Amino acid sequence: MSLTQHDAAIKTQFVTSLMNYFKIEEDINLRAHIDDITRSINRSEYREFFRRLSAGDMEFKNPFEKISLVAMSFSETQKLENESSKNLYNLMYDLRKSIILDESAKGSAQERFEAVYISKIKDKNTGELLLNSEDIEVIRNLGKRWIFENVAGDKSYFLNIVNAEYRRVRSLHARPQLNKPKEA
């Protein structure tokens, strides 16, 4: 079984699981519809998709509406995570590079990198802060040492780890909103 056949088999099982979860009768058109709705969901994200689907905040929606809403929010979140991760990578890479190239400074480059107040990094031209509270939390969770050591290495590895951390931070901040009592 090749990798693409394996992926197709897993996708088929994912769609079957959704149909079973909602007790949808087996029908080629319904299966194709669910497959189309969930096309943007990556195989590595199926578990998170089911977690969001079972959050219980869509009581009055039919199964197709629920699947569609979760799939839409999922892909928007993923795009935001990718963009945030790339921006953070570029900023940290440039910061690391400028610290390493500064020959007049005292101490090791890693010590100077770790001494930077990340909450005070500003744009040279506008003077605006470049990191929001979410970015700062991701950096603190991963640690400046980890960022210093990995930002100049394998970019895809760095982006994958940072994406996962953005996802974790966002899920922690989203949970209190899901549990809030509904206003009448």
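Residue 55 versus (1) at pLDDT below 90; (2) among the hydrophobic types (A, V, I, L, M, F, W, C); (3) assigned to a helix (DSSP H, G or I): which is the lone unmet condition?
The single condition residue 55 does not satisfy is (3).
Identify, please: which residue in segment 114-129 is within 19 Å of residue 151 (Cα to Cα) and surrounded by 10 or more Cβ atoms within 10 Å (Cβ to Cβ) and is, among those, farthest from the chain's Cα centre (by Cα)?
That would be 115.
Residue 60 is checked against (1) assigned to a helix (DSSP H, G or I); (2) more than 22 Å from the chain's Cα centre (by Cα) and fails just one. What number does that condition carry?
(1)
List the pairs whose first member sits in segment 82-111 and is assigned by TED's automatic domain parsing to the domain that holds residue 154, whose second member is β-branched (Val, Ile, Thr) and outside any helix (DSSP H, G or I), and whose Cβ atoms are under 7 Å apart, counting only residues at least 6 apart or on separate chains?
From residues that are assigned by TED's automatic domain parsing to the domain that holds residue 154, the pairs are 89/151; 92/151; 93/151; 95/116; 96/151.
Cβ-Cβ below 7 Å, separation at least six or inter-chain, first residue in segment 54-68 and closer than 18 Å to residue 17 by Cα, second of a type in the set (S, T, N, Q): which pairs?
67/38
Quick one: count up the residues across segment 91-113 that are closer than 15 Å to residue 138 by Cα and surrounded by fewer than 16 Cβ atoms within 10 Å (Cβ to Cβ).
0
Among the residues of segment 116-161, which ones are under 16 Å from residue 87 (Cα atoms) and among the polar types (S, T, N, Q)?
Those that are under 16 Å from residue 87 (Cα atoms) and among the polar types (S, T, N, Q): 119, 132, 133, 150, 156, 160.
Would you mind stating whether residue 7 is charged (D, E, K, R), in contact (Cβ under 8 Å) with a residue 60 or more places away in the chain and closer than 28 Å to residue 171 by Cβ?
In short, no.
When residues of segment 145-160 are filtered for being free of Cβ contacts under 8 Å to residues at least 60 places away in the same chain and either surrounded by fewer than 17 Cβ atoms within 10 Å (Cβ to Cβ) or at positive phi (or both), how many remain?
9
The values are calculated or read from the model by the stated rules, or taken from the named source; none is laboratory data. Small disclaimer: the values here were computed from a predicted structure and weren't measured. Positions of Cβ are generated from backbone atoms using ideal geometry, with glycine treated the same way; all protein chains shown enter the neighbour counts.
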